[in-house]
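Asks: Mind looking over this structure? Questions follow.
Bear in mind that the values in this text are calculations on the coordinates, not laboratory data. Since this is a predicted model, take the numbers as computed values, not measurements. Note: ideal-geometry Cβ built from the backbone for every residue, glycine included; neighbour counts use all protein chains shown.
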Amino acid sequence: MRFLYLVALLVSWVGVLGLDRRFRLGVAGPGLVRALALTVPLFLAFDALGAARGWFRSDPALNSLIVWPGVPLEEPVLLGFLTLLAAAGHRVALRLLP
């Protein structure tokens, strides 16, 4: 049960990357790597600050691994997925809007 959330996130990554490939959105590539390198550490810093101040915490019984107090391993995976999803949504919007 502890790894269910991590597995769900990884399956979601694969699904969005599959849609990217299927519809040739062009999300996966150097631009995505740059976006991930910028956004994930930035938001992890906010998460670490919030955990240090006690605004939120992580339960070791529910998360696979706690990277540092209050921040589970799933957090960077989630932040990366949200970045990927935003990039894919942006590409879809560019295609659909005139």
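Asks: Order these peptides, 31-38, 82-89, by their mean beta-carbon neighbour count within 10 angstrom, highest first.
Replies: Working: 31-38: 13.0, 82-89: 16.6.
Answer by packing, highest mean first, reads 82-89, 31-38.
Asks: For the chain, which span is the longest to avoid every loop-located (per DSSP) member of chymotrypsin sites (Phe, Trp or Tyr not before Pro) having at most 13 other Cβ atoms inside 10 Å? All intermediate terms of the calculation are to be shown ahead of the outcome.
Replies: Working: sites that count: F3, F23, W55, F56.
Between the exposed loop sites, the longest stretch runs 57-98.
Asks: Taking R0 as 35 Å, what FRET efficiency do you get between F23 and A45 from their Cβ-Cβ distance, rounded to the nearest 0.05? Could the numbers behind the result be given before it?
Replies: Numbers: r = 33 Å, r/R0 = 0.95.
Efficiency, from the Cβ-Cβ distance: 0.55.
Asks: Could you let me know the centre-to-centre spacing of region 2-20 and region 54-98, using Cα atoms, in angstrom?
Replies: Centre-to-centre distance over Cα atoms comes out at 11 Å.
Asks: Per residue of the chain, what 222 nm ellipticity follows from adding -39500 (n - 2.57) for every DSSP H run with n ≥ 4, rounded to the nearest 500? Mind dumping the intermediate values first?
Replies: Values: 3 runs with 65 residues, N = 98.
Taken over the chain, the calculation gives -23000 deg cm²/dmol.
Asks: If I take every Cα pair under 8 Å that is 6 or more residues apart in the chain, average their sequence separation and divide by the length, what percent do I get for the relative contact order? Mind showing how you got there, number by number?
Replies: Details: 83 pairs, mean separation 37.9, N = 98.
Reported as a whole number, the value is 39 percent.
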